[in-house]
Amino acid sequence: MKPLMHQSNDADEVIAQEGHRKVSPETAYFLKAAMKLDFEFEDEAGGVDMCKSIEKRYKEKEVTGAIKCMRSMGASENDIISKMVEIFHVTEEYVRPLLAPKQA
């Protein structure tokens, strides 16, 4: 494995060179706990795709932030849903749970 020289190295290029993106479920659970990562992942054939898990969490944070912004501007729930679907290319079923307040 070639060491990374700069933080700006393209992760996709490194992944392509190494030929894999997946780790074992055990490794994924360890990384999640050790790094206190706030996301869920799916165990797929060949392991857990951590890049995909991080991308999903990032998108969720983006959508949640946009929902909060639209709420602060007084947008209706229907307007929020339609905008999230349009802007982020997600489904209504994806957006609805993000509209609900989190239980503490």
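Since every read-out is calculated from the coordinates, none of them should be taken as a lab result. All values derive from a computational prediction rather than experimental measurement. Counting neighbours? That spans all protein chains shown, and the Cβs are built from the backbone with ideal geometry, glycine included.
Quick look at the numbers
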{"quantity": "Residue that is nearest to F39 (Cα to Cα) [pool: residues in region 68-84 that are hydrophobic (A, V, I, L, M, F, W, C) and out of contact with any helix residue (DSSP H, G or I) (no Cβ under 6 Å at 6 or more places or on another chain)]", "calculated": "C69"}
{"quantity": "Cβ pairs under 6 Å, 6+ apart, first in region 40-67 and farther than 22 Å from L98 by Cα, second polar (S, T, N, Q)", "calculated": "G47/S24"}
{"quantity": "Positions within region 35-60 being part of a helix (DSSP H, G or I) and surrounded by 12 or more Cβ atoms within 10 Å (Cβ to Cβ), in sequence order", "calculated": "M50, C51, K52, S53, I54, E55, K56, R57, K59, E60"}
{"quantity": "Any chance G65 is loosely packed, with under 12 Cβ neighbours inside 10 Å, among the small types (G, A, S), within 16 Å of F39 (Cβ to Cβ) and out of contact with any Pro (no Cβ under 9 Å at 6 or more places or on another chain)", "calculated": "yes"}
{"quantity": "Residue list for region 42-58, filter: more than 8 Å from the chain's Cα centre (by Cα) and among the acidic types (D, E)", "calculated": "E42, D43, E44, D49"}
